[in-house]
Amino acid sequence: MAILSVKKLTKSFGGLTAVANLNLELNQGELVGLIGPNGAGKTTVFNLLTGVYEPSSGTIVLETEDRRRELQGQKPYNICKAGLARTFQNIRLFRDLTVLDNVRIAMHQNANYGLLSGLLHLPSYRKEEERLKKESYEFLRITKLDSKANELAKNLSYGEQRHLEIARALATKPVLLLLDEPAAGMNPAETAQLTQLIKWIRKEFHLTILLIEHDMSLVMKICERIYVLDYGMLIAEGTPEEIKSNKRVIKAYLGEDVSNAGD
Amino acid sequence: MKKRMTGLTPLRKWLVLIFTFAIVQLLIQLNIINDYLQATIATIFINIILAVSLNLITGFTGQFSLGHAGFMSIGAYVCGLTLLRIPTIGGFLAGLLTGAVLAAIVGFLVGLPTLRLRGDYLAIATLGMSEIIRIVFINLEITNGAAGLSGIPRFTNWAFLYIFAVGTILLISNFLKSTHGRACISIREDEIAAEAMGINTTKYKVTAFTIGAFCAGIAGALYASYFYYLNPNTFGFLKSIDVLVIVVLGGMGSLSGSVLAAILLAIISTILQDFSDLRMVIYAFLLIIIMIFRPQGLMGSKEITFKVFRNLGGLLSARKGGK
């Protein structure tokens with residue numbers, strides 16, 4: 001079953017077409033890679049899917065067991081509510097807040113008490129806050145950050161910040177997770193650890209994952225299918241094996257001359 | 001051991017609050033705190049309410065507002081007009097509540113369109129809003145125009161000042177510890193990330209703005225019934241700046257900083273009474289000095305909590321034990 005189907009998605013900024021006629025389909029439980037050279041439009045695709053940009057045309061449909069929703073033109077918080085969560089390429093944590101608060105904020109739509117209860121700290125507030133804290137700690141344990149719950153997010157190491165982004169995205173309880181270069185700036189050991197984490201959360205939370213990544217060893221190792229984007233257009237789609245030997249992909253990454261020389 | 005970590009128990013917290021109230025009340029009864037000092041205390045507590053509520057909007061939610069005097073004036077005029085017709089304590093409380101609710105409604109209506117603006121644009125829009133309110137009060141017949149209202153009976157006393165100031169602080173600090181408050185703080189930290197985490201940013205900006213306006217309305221009502229006299233020009237641009245100075249000086253994102261700064265500024269201007277000509281120059285100079293050496297404000301984003309009292313208590317008993 002296709003959980004996400006993107007049809008003819010287009011985004012133009014003035015005269016520049018950043019994404020053109022993109023068709024994507026993700027099946028329930030799949031782990032799919034989205035790759036392409038710098039400036040190919042990968043992050044723009046993420047921004048379109050999560051409502052940061054409004055598409056110029058095209059449709060985005062999220063279909064879960066109980067509901068079918070059209071996401072194009074929706075506000076980001078409604079898209080999050082529908083079950084789409086993301087991490088950011090250029091880490092966007094709440095830097096001056098604690099690690100715990102970063103996760104607790106992501107659990108906002110999950111908090112079941114009203115404004116009045118929050119203002120007066122009524123019993124429902126105490127009960128719910130207790131639960132939120134407990135659940136937040138679980139997400140922190142998964143990403144091995146529970147011992148740093150009370151540190152400020154900005155004081156974490158780079159790798160830890162990337163992990164916190166994942167914990168925060170998980171706390172919104174998504175069905176589809178978009179990871180934007182989760183391994184950027186990590187050393188091989190950290191990348192290996194991250195690979196394990198991604199595999200594990202996918203199984204544990206029954207997630208469908210779409211992943212942008214430049215680290216090809218990571219992409220080839222964990223993705224079941226890969227989409228390749230160049231100049232905003234889809235140039236290839238297939239299994240890692242197929243992508244590795246695809247001429248257009250090699251050309252896009254290495255340039256015309258190299259692929260000719262190889263012939 | 002665990003209990004010690006959580007600070008004072010609620011019961012002790014209330015005891016500290018009641019004790020503070022009782023001491024000042026006693027000093028007023030014994031006339032050690034004279035009329036002049038009482039007026040200073042009234043100014044301080046009204047400023048605390050204003051600064052703490054503006055801090056919610058500007059320091060915690062990150063929305064730069066210059067319209068606080070406008071909300072204050074709504075509370076002041078509604079309460080003033082009510083008191084001129086019903087000069088009883090019931091009239092005072094009814095006027096105070098109506099004024100605060102009306103200020104909140106105006107805050108809500110103004111907030112909906114303007115809070116889509118950011119930074120300096122929002123500041124200009126809120127400044128414009130506050131000026132419009134002032135000009136409405138100058139031109140209305142019922143508010144007696146530029147001459148203002150006079151002879152408003154005094155019901156604001158130490159008890160009301162204390163109850164409403166402490167109430168405002170408790171309400172806002174409770175709010176900030178709730179999921180709604182955290183949603184507001186996340187907007188200040190990173191609006192795009194907040195939206196991606198499912199937070200309706202417009203809703204929470206408007207919520208903070210409305211709560212802030214409500215409290216400013218209370219402050220206005222207390223002002224009206226303490227100083228007998230209301231004039232639209234009291235609530236001009238400079239009043240909003242005064243409040244902003246307290247917030248910035250105390251620390252954006254620190255409630256106790258706002259309290260501290262409101263007290264400190266009142267003390268400084270009281271001391272400076274003796275240097276009438278140079279008063280404003282020295283005042284401005286002191287502000288510049290403080291901002292050079294503490295650009296993050298007196299408290300930064302830290303808070304003094306009831307733990308201070310506990311620590312003091314701990315220190316004293318440790319000394320006794322040492323002897």
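Can you check what the net charge comes to around residue B:69, using other residues whose Cβ is under 10 Å from the Cβ of residue B:69 (Lys, Arg +1; Asp, Glu -1)?
Values: positive: B:134, B:239; negative: B:131, B:242.
Local net charge: 0.
Computed from phi, the 3J(HN,Hα) profile of the stretch A:10-26 under the Karplus parametrisation 6.51, -1.76, 1.60 (θ = phi - 60°) reads 9, 9, 10, 9, x, x, 8, 8, 7, 9, 10, 6, 7, 10, 9, 9, 10 Hz, with x in place of Gly and Pro.
In this structure, residue A:16 and residue A:200 have a Cβ-Cβ separation that, at R0 = 56 Å, corresponds to a calculated FRET efficiency of about 0.90.
Between residue A:253 and residue A:52, what's the calculated FRET efficiency when r is the beta-carbon distance and R0 is 30 Å? Round to 0.05. All intermediate terms of the calculation are to be shown ahead of the outcome.
Working: r = 27 Å, r/R0 = 0.89.
Result of the calculation: an efficiency of 0.65.
Rounded to the nearest 500, the helix-only mean residue ellipticity at 222 nm of chain B stands at -24000 deg cm²/dmol, with each DSSP H run of n ≥ 4 adding -39,500 (n - 2.57).
Wrap a convex hull around the Cα atoms of the protein assembly as shown, take a quarter of its surface area, and give that in square nanometres.
Working: hull surface 139.3 nm².
Value for the protein assembly as shown: 34.8 nm².
Between residue B:228 and residue B:136, residue separation times 0.36 nm minus the direct Cα-Cα distance comes to 31.0 nm.
Within the straight-line cut-off of under 23 Å between alpha carbons, the lysines reachable from residue A:8 are A:42, A:75, sequence neighbours fewer than 8 places apart in one chain being disregarded.
Taking a point 7 Å from the Cα of residue A:90 along the Cα-to-Cβ direction, the residues of the stretch A:179-193 with backbone N closer than 19 Å to it are A:179-186.
Take each residue in B:198-204, count the other chain C-beta atoms within 10 Å of its C-beta, and the mean is 6. Computed about the Cα centre, the dipole magnitude for the stretch B:9-320 is approximately 960 debye when only Lys and Arg (+1) and Asp and Glu (-1) carry charge, each at its Cβ.
Net charge around residue B:111, counting only other residues with Cβ within less than 15 Å of its Cβ (Lys, Arg = +1; Asp, Glu = -1)? If you can, show how the numbers build up before the last one.
Working: positive: B:116, B:118, B:203, B:205; negative: none.
Net local charge, residue B:111 excluded: +4.
Only lysine pairs 8 or more places apart or on separate chains count here, and in chain B those with Cα atoms under 25 Å apart total 22. Take the alpha carbon atoms of the stretch B:208-282, find their center, do the same for the stretch A:124-154, and report the distance between the two centers in whole angstrom. The distance from the Cα centre of the stretch B:208-282 to that of the stretch A:124-154 comes to 38 Å.
Spatially, the stretch B:94-124 and the stretch B:20-73 are offset by 20 Å when compared through their Cα centroids. For residue A:5, neighbours were defined as the other residues whose beta-carbon sits under 12 Å from its Cβ, and their charges (Lys and Arg +1, Asp and Glu -1) total +1. Restricting the trypsin sites (Lys or Arg not before Pro) of the stretch A:64-107 to loop positions (DSSP other than H, G, I, E, B) with no more than 16 neighbouring Cβ atoms within 10 Å leaves A:67, A:95. Rounded to two decimals, the Cα-based Rg/Rh of the stretch B:9-320, with Kirkwood Rh, is 0.97.
As a test of reading the structure, rank B:137, B:21 by solvent-accessible area (1.4 Å probe, protein chains only), most first.
Order by accessible area, largest first: B:21, B:137.
Ordered by solvent-accessible area of protein heavy atoms (1.4 Å probe), largest first, the residues B:256, A:56 come out as A:56, B:256.
Starting from the Cα gyration tensor of the stretch B:153-283, take the square roots of the eigenvalues, sort them a ≥ b ≥ c, and report rounded, prolate or oblate (rounded when a/c is under 1.5, otherwise prolate if a/b is larger than b/c, else oblate). Note, shape of the stretch B:153-283 comes out prolate.
Only Lys, Arg, Asp and Glu count, each charged at its Cβ (+1, +1, -1, -1), so figure out the dipole size of the protein assembly as shown about its Cα centre, rounded to 20 debye.
Details: 58 positive and 44 negative charges, 401 e Å.
In total the dipole reaches around 1920 debye.
The H on the amide N of residue A:19, modeled in the peptide plane, is under 5 Å from the matching H of A:11, each at least 5 residues off or on a different chain. Legend: calculated FRET efficiency, residue B:21 to residue B:177, from the Cβ-Cβ distance at R0 = 25 Å, rounded to 0.05, equals 0.60. Binning the alpha carbon pair distances of the stretch A:107-150 at 10 angstrom intervals from zero yields the distribution 28, 44, 24, 4, expressed in whole percent.
Considering only B:278, B:83, B:170, the Gaussian network model of chain B with Cα springs below 10 Å gives its largest mean-square fluctuation to B:278.
The values are calculated or read from the model by the stated rules, or taken from the named source; none is laboratory data. What you are looking at is a predicted structure, and each value in this text was computed from that prediction instead of being measured. Positions of Cβ are generated from backbone atoms using ideal geometry, with glycine treated the same way; all protein chains shown enter the neighbour counts. Please note that ligands, DNA and RNA were not included when accessible areas were found on the heavy atoms of the full protein model with its side chains. Shrake-Rupley method; radii C 1.70, N 1.55, O 1.52, S 1.80 Å.
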